[in-house]
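My questions will all concern the structure given below.
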Amino acid sequence: MKVANSLKTLKKRDRNCRVIRRRGRVYVINKVNKRFKARQG
């Protein structure tokens, strides 16, 4: 999982990426390709 300041570019890495808020943190998850995971902050 990548930790980044901004998730805007990480969201564009793949077509199936979704931005989701969990427990006050912002995540990028991808159900199809699991390697595109990221967390903000």
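Kindly provide the helix-only [θ] at 222 nm of the chain, computed as the sum of -39,500 (n - 2.57) over DSSP H runs of four or more divided by all residues, to the nearest 500 deg cm²/dmol? Display every interim value, and only then the final one.
On the way: 1 runs with 4 residues, N = 41.
It lands at -1500 deg cm²/dmol.
Going by amide H atoms built from the backbone, whose H comes under 5 Å of the H on Ala38, apart from near neighbours?
Excluding prolines and chain starts, which carry no amide H, the hits are Lys2, Val28.
Still on this structure, please answer the following. What is the chain by shape, rounded, prolate or oblate, if you read a ≥ b ≥ c off the alpha carbon gyration tensor as root eigenvalues and call it rounded for a/c under 1.5, prolate for a/b larger than b/c, and oblate otherwise? Mind showing how you got there, number by number?
On the way: a/c = 1.77, a/b = 1.40, b/c = 1.26.
Prolate.
Bear in mind these aren't lab numbers, they're just calculated from the coordinates by the rules spelled out. Computed from a predicted structure; not experimentally measured.
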